[in-house]
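Input: a single structure, listed below in structure tokens.
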Amino acid sequence: MFRLMHLIRIPLTVSLTLALPVTTLARQPLAVTTPASNAQLDEDERLEHAKKLYVAAERLTRRGKWAEAADYYEQAYYLVPSKHGFAHKVAVAAYEAGDCDRAQEYLLHFLTYGDSDKHLDELDEAQRLIEEIDASGCASQASWTKLNAVA
């Protein structure tokens, strides 16, 4: 754990989120598809559907439709929660859309669960965005305040 903290240079308060369960994202994804219909999908179908949502989200980002893209990325992440790169995509799209609270929530989640072997650059970007959000004050609470309230 200390090697990871040193590697991505995260403050102690962010590293405390490592103790949070994956279910800390209380908000349900927006209705791109209904969760009830997803419950009937097997793992391969979920992955295939998530890929389609990802492709649609990528198209939206190229057109500058960040809020809509965040919704699609979020739904894809809901389908395959083991793909933490989707959390990063939701965060970046939300940040670009000006939704600092949503971006902060997913950035903290990604910093907690993102794989440093797969997502080193994204983890660095997530840390930078958290610092920008905290410095700008655009989120309703500072990251360190949220973490201290949980701890």
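Values quoted throughout were computed directly from the atomic coordinates according to the rules given, and no laboratory measurement underlies them. All values derive from a computational prediction rather than experimental measurement. Please note: Cβ atoms are built from the backbone with ideal geometry, for glycine as well, and neighbour counts cover all protein chains shown.
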Check: Of all the residues that make up region 108-137, how many are closer than 12 Å to residue 88 by Cα and free of Cβ contacts under 8 Å to residues at least 60 places away in the same chain?
Finding: 9
Margin query: Return the pair list, or none, for Cβ contacts closer than 8 Å from residues in region 53-82 that are crowded, with 19+ Cβ neighbours inside 10 Å to residues that are part of a helix (DSSP H, G or I) and among the β-branched types (Val, Ile, Thr), at least 6 apart or on different chains.
Written below: 69/61; 70/90; 73/90; 74/90; 77/90
Check: Out of 105, 96, 45, which single residue is surrounded by 22 or more Cβ atoms within 10 Å (Cβ to Cβ) and either of a type outside the set (Val, Ile, Thr) or in contact (Cβ under 8 Å) with a residue 60 or more places away in the chain (or both)?
Finding: 105
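What residue, of 70, 87, is in a helix (DSSP H, G or I), among the hydrophobic types (A, V, I, L, M, F, W, C) and farther than 18 Å from residue 112 by Cα? Working first, answer last.
Values: 87 fails: farther than 18 Å from residue 112 by Cα.
The match here is 70.
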